[in-house]
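Quick one: the structure is below, questions incoming.
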Amino acid sequence: MSILIWLSLLLIALIMQSTLLPLVSFKGIHPDLLLVVVVSCALLSGKENGVGIGFFAGLLQDLVAGSIFGINTLSKLTTGYLFGLAERKVFKEHVLLPLLATLVATLFNGLAGVGLLILLGHKVDFVTTLLQNIVPLVGYNLIIAIPVHHIVYRVVKFTAE
Amino acid sequence: MRLFHKKTVILLVAVVIVFLLASSLAQGKIKFAFMEKIITTVLAPVEYVVSNVGFTFRTISLSTGELMTAYRDNQKLRAENDELRQNNLNVTEIAAENARLKAMLDYKKGVPQFDLVTAAVVGRDPGNWTSTIIINRGTADGVTKDMAVVAPQGLIGSVVTAYANVAKVQLVLDPRSAVGALVQRPESRVAAIVEGHSGTPLTPRMVNIARDADIVKGDKLITSGFGGIYPKGLLIGEVIDIVNEEGGLLKYAVLNPAVDFDRLEEVSVIVGSREPIPTLPPPVAVPAPTAPGKTVAPSQGVGR
């Protein structure tokens with residue numbers, strides 16, 4: 001049952017990310033809704049769920065639009081795991097938690113993505129990518145972090161009951 | 001509540017498998033045709049509906065905003081209209097002259113004739129590393145892999161995968177895409193390759209240009225037709241910056257693409273082009289055997 005709920009949450013996030021969010025893109029960058037969902041899930045329900053949600057979110061994202069396979073799967077999986085580790089060490093009701101977590105996660109996820117791209121032999125210009133891609137993405141993700149965190153918080157509570 | 005038990009081994013294996021798959025996919029050895037097909041095909045109708053709703057909302061908000069500036073725009077357009085009328089007169093004159101000269105040279109008109117299939121954009125790449133779009137036409141409408149995709153403003157990209165009713169289009173902005181390009185200015189005609197750049201997702205680059213090549217800001221780039229995917233003469237974009245590479249031998253040009261990729265709603269797929277083959281000499285009035293080199297040369301010279 002809870003698997004279905006999580007899967008539909010991911011699918012909704014994926015569809016929004018590939019249809020509605022590009023409409024508000026700024027210089028080709030649009031918010032990474034799935035990443036914020038993964039981070040919130042991991043922080044609220046631990047590393048096992050974090051890894052699972054991260055893996056499937058990344059996998060769906062990689063498969064849906066023929067992007068470079070593995071980039072999102074691996075980076076989101078790692079992000080989910082690391083933030084899942086912090087589950088018992090954070091105060092879940094604090095309003096700054098999603099903001100801070102999203103900030104760190106976007107940077108980490110971006111750097112992991114760049115690292116993988118370089119490992120896979122793609123040409124990446126590190127400094128421009130950081131400035132033009134990852135930094136605007138941080139800002140955009142911060143905007144959606146709090147509402148998404150609230151929704152995920154509800155879902156976690158609902159599935160726990 | 002726990003979906004995954006603490007099985008580090010499984011996790012490690014999964015990571016290794018994904019990484020291996022990623023590296024072999026990067027080299028183009030295998031493809032996830034089946035999985036991709038299912039997910040793309042299932043999601044496409046939903047995406048179509050959702051993006052239509054999104055487009056409607058944006059159109060409404062945009063047109064409300066445009067009402068505010070309508071008067072000023074009107075004034076500006078009137079002035080521009082007068083200017084264009086004047087230009088139009090000149091153009092008609094030049095066109096007439098062109099027609100006369102062409103008739104004199106007996107050169108067949110080289111206007112590319114394309115068969116187009118119009119498609120709606122139903123989804124964008126959900127990631128920020130690559131640039132692809134999903135369109136609602138597929139093999140059922142004659143769309144197949146490696147067909148060029150255009151908008152009225154210029155080149156968009158090429159079809160990378162086509163399913164029955166859905167196709168994925170790789171934009172020219174994608175770092176994996178490479179388009180043979182040519183500077184449109186008649187004195188220059190520098191040829192090179194336009195590649196996407198992951199760091200600056202909206203400005204592709206024309207790379208590996210010789211340091212002394214004749215290319216300046218404001219030059220328009222068109223497809224060169226080399227490589228076989230993109231027909232010749234499609235507008236790619238305008239050069240906005242030229243940067244010398246560190247090695248000292250090469251430079252690259254930063255492009256402002258002709259198409260506004262943030263606002264893509266409808267695109268056309270070129271399913272067939274009837275461009276005359278440029279190497280065929282036009283029929284000469286005298287049927288006597290002539291040296292082939294002499295007849296080929298003028299047709300190529302005037303062909304642009």
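How large a share of the accessible area of chain A, in percent, is made up of carbon and sulfur atoms when the probe is 1.4 Å and the other protein chains stay in place? Display every interim value, and only then the final one.
Working: 4960 of 6590 Å².
About 75 percent, which is the carbon plus sulfur part of the accessible surface.
With every protein chain present, what is the per residue accessible area of the range B:207-261 (1.4 Å probe, Å²)? Present the calculation step by step, with values, prior to reporting the outcome.
Values: 2720 Å² over 55 residues.
Roughly 50 Å² per residue, with all protein chains present.
If I model a spin label as a point 7 Å beyond the Cα along the Cα-Cβ vector, how far apart are those points for A:Arg88 and A:Leu131 in nm?
Placing both labels 7 Å along Cα→Cβ, they lie 4.4 nm apart.
Dipole of the protein assembly as shown, Cα-centred, from +1 at each Lys and Arg C-beta and -1 at each Asp and Glu C-beta, to the nearest 20 debye? Intermediate results must be reported in sequence, preceding the final value.
Values: 41 positive and 36 negative charges, 171 e Å.
For the protein assembly as shown, the charge dipole is close to 820 debye.
What dipole magnitude, in Debye to the nearest 20, does the range B:206-267 give about its Cα centre under +1 on Lys/Arg Cβ and -1 on Asp/Glu Cβ? Before the final figure, lay out each step's value.
Working: 6 positive and 11 negative charges, 48 e Å.
The dipole magnitude comes to about 240 debye.
A further question on this structure: How big is the shadow of the Cα convex hull of the range B:130-285, averaged over all directions, in nm²? Mind showing how you got there, number by number?
On the way: hull surface 43.6 nm².
Seen from a random direction, the Cα hull of the range B:130-285 projects 10.9 nm² on average.
A follow-up question, please. Please work out the C-alpha center-to-center distance from the range B:213-254 to the range A:88-112 and express it in whole Å.
A separation of 42 Å, based on Cα centres.
Let me ask something else about it. Taking R0 as 30 Å, what FRET efficiency do you get between B:Leu101 and B:Arg189 from their Cβ-Cβ distance, rounded to the nearest 0.05? Working shown, then result.
Details: r = 20 Å, r/R0 = 0.67.
So, using R0 = 30 Å, E works out to roughly 0.90.
Need the full-extension length gain, B:Ala120 to B:Val243, defined as separation in residues times 0.36 nm minus the C-alpha distance. One decimal, nm. The partial results should precede the final answer.
Numbers: separation 123, 0.36 × 123 = 44.28 nm, distance 3.61 nm.
Result for the pair: 40.7 nm of gain on full extension.
State to the nearest 20 debye the size of the charge dipole of the range B:169-229 about its Cα centre, where the only charges are +1 on K and R beta carbons and -1 on D and E beta carbons.
On the way: 7 positive and 6 negative charges, 12 e Å.
The calculated dipole for the range B:169-229 is roughly 60 debye.
Set the Förster distance to 51 Å, then compute FRET efficiency between A:Ile143 and B:Arg78 from the Cβ-Cβ distance, nearest 0.05.
Values: r = 41 Å, r/R0 = 0.80.
The calculated FRET efficiency here is 0.80.
List the trypsin sites (Lys or Arg not before Pro) in the range A:10-80 that DSSP assigns to loop (not H, G, I, E or B) and whose Cβ has at most 16 other Cβ atoms within 10 Å. Which are they?
On the way: sites: A:Lys27, A:Lys47, A:Lys76; in loops: A:Lys27.
Loop-located and lightly packed - A:Lys27.
Using only C-alpha positions, report the orientation-averaged shadow area of the convex hull of the range B:166-243, nm², one decimal. Can you show the working numbers first?
Numbers: hull surface 22.5 nm².
With the hull built on Cα positions only, its mean projection is 5.6 nm².
Continuing with this model, one more query. Once you've got the Cα coordinates, tell me which of B:Lys102/B:Lys168; B:Lys102/B:Lys232; A:Lys92/B:Lys37; B:Lys76/B:Lys220 are over 31 Å apart.
Numbers: B:Lys102/B:Lys168 41 Å; B:Lys102/B:Lys232 20 Å; A:Lys92/B:Lys37 39 Å; B:Lys76/B:Lys220 25 Å.
Beyond 31 Å: B:Lys102/B:Lys168; A:Lys92/B:Lys37.
Between Rg and the Kirkwood Rh of the range A:86-131, both from Cα atoms, what is the Rg to Rh ratio?
Details: Rg = 14.6 Å, Rh = 12.4 Å.
Value, to two decimals: 1.17.
Please give the length that would be gained between B:Thr139 and B:Thr56 if that part of the chain were fully extended, namely 0.36 nm times their separation in residues minus their C-alpha to C-alpha distance (nm, one decimal).
27.1 nm
When every alpha-carbon pair in the range A:1-43 is counted, what percent end up more than 11 Å apart? Can you show the working numbers first?
On the way: 597 of 903 pairs.
It works out to 66 percent of all Cα pairs.
Suppose we take every Cα in the protein assembly as shown and form the convex hull; what volume per residue is that in Å³? Working shown, then result.
Details: hull volume 83.9 nm³, N = 465.
Spelled out: Cα convex hull of the protein assembly as shown, divided by residues, is 180 Å³.
From Cα pairs below 8 angstrom and at least 6 apart in sequence, can you work out the relative contact order of chain A, rounded to a whole percent?
Contact order relative to length: 26 percent.
Name the residues of the range A:121-141, by number, that are at least 20 Å² less accessible with every protein chain in place than in the isolated chain; the surface is that of heavy atoms, probe 1.4 Å, without ligands or nucleic acids.
A:His122, A:Lys123, A:Asp125, A:Thr128, A:Thr129, A:Gln132, A:Asn133
Shifting gears a bit: With heavy atoms of protein chains only and a 1.4 Å probe, what residues of the range B:41-65 have at least 50 Å² less accessible area in the full set of chains than alone?
Hits at the 50 Å² cut-off: B:Leu43, B:Glu47, B:Val50.
Kindly state, to the nearest 0.05, the FRET efficiency for A:Ile118 paired with A:Phe158, given R0 = 41 Å and r defined as their beta-carbon distance.
Details: r = 41 Å, r/R0 = 0.99.
So the FRET efficiency works out to roughly 0.50.
Something else: On the principal axes of its Cα set, how long, how wide and how thick is the range A:46-161? Give whole Å, largest value first.
Projected onto its principal axes, the Cα set of the range A:46-161 covers 47, 26, 24 Å.
Tilt of helix A:135-160 relative to the longest C-alpha principal axis of chain A, in degrees (0 to 90, nearest 10)?
Once rounded, the angle reads 30 degrees.
Given a 1.4 Å probe and no ligands, DNA or RNA in the count, how much accessible surface is buried by A and B, both sides, to the nearest 100 Å²?
Details: alone 8920 and 19880 Å², together 24030 Å².
The A and B chains share an interface burying roughly 4800 Å².
The values are calculated or read from the model by the stated rules, or taken from the named source; none is laboratory data. Quick caveat, the model's predicted, so the values are computed rather than measured. Cβ: placed from backbone, ideal geometry, glycine included. Neighbour counts: every protein chain shown. Remember, those area values only see protein heavy atoms, side chains included, never the ligands or the DNA or RNA. Shrake-Rupley method; radii C 1.70, N 1.55, O 1.52, S 1.80 Å.
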